[in-house]
Amino acid sequence: MRARGSEADWFPVDFLVYYDRSQIRAFAYVRRKDEVDIPDGEYEVRVGEDEQRRKWKKWNGEWQVKWRHRWSRKGQ
């Protein structure tokens, strides 16, 4: 994971998400492996063996994922 729109270094994270038909429905947690807090903002994430990039956002302490042209809503 790294901050979107930056050339910052990638950092490893542990995360648990709940899927419904291959779409993320809820985030249980997202945390850096070095236990440093992840501030609110938009992030690029490389997921899976093919390292496909996704866009995630943390806002007011809640995580969202970008699908097509909109952000998921909490509880969706």
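The values are calculated or read from the model by the stated rules, or taken from the named source; none is laboratory data. Predicted, not measured: the structure shown is a model, and the values here were computed from it. Reconstructed Cβ throughout: ideal geometry from the backbone, glycine too, with neighbour counts over all protein chains shown.
Restricting attention to the range 8-25, the residues that are of a type outside the set (D, E, K, R), touching a strand residue (DSSP E or B) at 6+ places or on another chain (Cβ under 8 Å) and over 18 Å from Gly41 (Cα atoms) add up to 6. Condition first: surrounded by 10 or more Cβ atoms within 10 Å (Cβ to Cβ), in a strand (DSSP E or B) and at pLDDT below 85. Can you find one or more residues in the range 1-20 that meet it? Looking through the range 1-20, none of the residues is surrounded by 10 or more Cβ atoms within 10 Å (Cβ to Cβ), in a strand (DSSP E or B) and at pLDDT below 85.
For the range 28-44, the set of residues classified as outside any loop (DSSP other than H, G, I, E, B) and either loosely packed, with under 10 Cβ neighbours inside 10 Å or not small (Gly, Ala, Ser) (or both) consists of Ala28, Tyr29, Val30, Arg31, Arg32, Glu42, Tyr43, Glu44, listed by residue number. Can you name every residue in the range 32-48 that is in contact with a strand residue (DSSP E or B) (Cβ under 9 Å, 6 or more places away or on another chain), of a type outside the set (A, V, I, L, M, F, W, C) and more than 14 Å from Gln64 (Cα to Cα)? Correct list: Arg32, Lys33, Asp37, Arg46. The residue of the range 45-76 that is surrounded by the fewest Cβ atoms within 10 Å (Cβ to Cβ), among those that are at pLDDT below 75 and outside any loop (DSSP other than H, G, I, E, B), is Arg70.
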